[in-house]
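Working notes for the structure below.
The values are calculated or read from the model by the stated rules, or taken from the named source; none is laboratory data. Computed from a predicted structure; not experimentally measured. All Cβ positions, even for glycine, are placed from backbone atoms using ideal geometry, and neighbour counts span all protein chains on display. Only protein heavy atoms, including side chains, enter the accessible area calculation; ligands, DNA and RNA are left aside. Shrake-Rupley method; radii C 1.70, N 1.55, O 1.52, S 1.80 Å.
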Amino acid sequence: MKTIGLALLATLGLAASAQAAEPRARDLGVPFDGTPGPLNAITDVPGIEVGFKTLISGEGARVRGKGPVRSGVTAIFPRGRADARGVFAGFFAGNGNGDMTGTHWVEEGGVLETPILITGTGSVGVVRDAAFQWLADHRSGGFWYPVVAETADFLLHDMPGQHVTAQDAMDAMAAAKPGPVAEGNVGGGTGMVCNGFKGGTGTASRRLAAGDGGYTVGVLVQCNYGSANGLRIAGINVAREMDLQPRCVTKLLSPPQVFFGQAPTLCDPKKLAIADPASEEHRGSIIIVIATDAPLTPEQLKRLARRGTAGLGRLGSILADGSGDIFIAFSTANPGVDDGNWHAAADKPATLSRLPNAAINPLFTATIEGVEEAVINAMIAAKTMTGVDYWTVSALPHKPLQDVLRRHNLLVAPK
């Protein structure tokens, strides 16, 4: 299987360029509220490490178990790989048509003891087992409840073929590091679709003013939800002002490929190929990881996780019945206070710091802003992709997006 660190697949005659050279939403002049951290990434929260394994191979007709493959794994370590201490955490499902393992213990005990991994729907089991193996190899203790989440990459990827392996999950965890975070067609987000356009992995952060504590909130999303018709950027339904075509293929098979009973049309290279007809209802999912260094306890982190829904609301999401909108939030404050099942001092009282609830509103705002920007960053970074059976999904185009915002006097000078 071919492995590509920055998974960029060019289609419709467009050449892919390197991830590092690509602009982000702010670079294009998309307006946002709030002040980001220096990286505008989840890794602005000190200690967090993120790693990816990206899988792209094959083209043409789907052959179950052989491909084509457009998938991967994303790994997030709240305190880095070398630090086994737990973090206080809270979990929330805006709409539960999705999966995130290990959340019963997060809900019950309020502590996250493992890394968070994100992959495609068909690979949750193997990634969860690999995470358990990694913990057994690198942590003391005897059992854990790994947190592994998913979104469905079934349009572009041979999802029933279950191509992600335990080694791929191990590789993603081994690759985890601080610093800039890759976005778009990378890791678990490789084959995902977001608001009708090519989606994937996105991240952002906010740094609070000194008067609000100076804390940082970081967000990472795996974006695979929504429809083009519902997308809002800066409050504008931008897709309605673009030249779109419904789900299409770059090549017809014999017999013709079918998707949910629908026969394909050939893509017009002059139009944007969205993942669904404009009238099709919202489907798909999004996983949102929210991190902060503010001293919050589990019930407060659950409140923070809930605010992710308001960030999606700014983008036009209705948390639809067919969507798995799942959020987990954690705090890196209070290290060593409670490390969960294997806490050496479990029988001794702990002293911890906790913000009063009256001081939490700036963190709510930062979360909402961070979710909104992380989703748009995922779409800006993503590249047009052709997957199984030649189904093709276009990336959100940069210049047409700028043109729409300019017409509405919303384009700002890049910062």
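What does the helix-only formula give at 222 nm for the chain: each DSSP H stretch with n ≥ 4 adding -39500 (n - 2.57), the total divided by the residues, and the result rounded to the nearest 500 deg cm²/dmol?
Computed ellipticity for the chain at 222 nm equals -6000 deg cm²/dmol.
Net charge around residue 390, counting only other residues with Cβ within less than 12 Å of its Cβ (Lys, Arg = +1; Asp, Glu = -1)?
For residues surrounding residue 390, the net value is +1.
Can you find, among 242, 215, 291, the residue sitting farthest towards the positive end of the charge dipole of the chain, where Lys and Arg contribute +1 and Asp and Glu -1 at Cβ?
After comparing all options, I get 242.
Using mean Cβ contacts within 10 Å as the protection proxy, how do 41-52, 242-253, 311-322 order, highest first?
In decreasing order of mean packing, 41-52, 242-253, 311-322 become 41-52, 311-322, 242-253.
Where both partners of a DSSP beta bridge lie in the chain, what percent of those bridges are antiparallel, to the nearest 5?
If we restrict to bridges inside the chain, about 75 percent are antiparallel.
By how many degrees, between 0 and 90 and to the nearest 10, does the Cα long axis of helix 298-314 differ from the longest principal axis of the chain?
Helix 298-314 and the main axis of the chain meet at about 20 degrees.
Quick one: Karplus J couplings for segment 105-118, per residue in order, coefficients 6.51, -1.76, 1.60, θ = phi - 60°, nearest Hz, x for Gly and Pro?
For segment 105-118, the Karplus-derived couplings read 6, 4, 5, 6, x, x, 10, 9, 10, 10, x, 9, 10, 10 Hz, x marking Gly and Pro.
Straight distance only, please: which lysines reach the Cα of residue 198 with their own Cα at less than 20 Å, same-chain residues fewer than 8 apart left out?
53, 251, 270, 271, 383, 399
Along segment 96-104, what does the Karplus equation 6.51 cos²θ - 1.76 cosθ + 1.60 (θ = phi - 60°) give for ³J(HN,Hα), rounded to whole Hz, x for Gly and Pro?
x, 7, x, 9, 8, 6, x, 7, 4
Per residue, how many Å² of accessible area does the chain show with a 1.4 Å probe?
That works out to 38 Å² per residue.
Taking the Cα atoms only, what angle lies between the long axis of helix 398-407 and the longest principal axis of the chain, rounded to 10 degrees?
With both axes taken from Cα atoms, the answer is about 90 degrees.
Over segment 276-334, calculate the relative contact order: mean separation of alpha carbon pairs under 8 Å at least 6 apart, over the residue count, as a percent.
Computed value for segment 276-334: 59 percent relative contact order.
Dimensions of segment 57-143 along principal axes (Cα, Å, largest first)?
In descending order, the Cα extents are 46, 33, 20 Å.
Helix 361-381 versus the longest principal axis of the chain: what is the Cα-based angle in degrees, 0 to 90, to the nearest 10?
30 degrees
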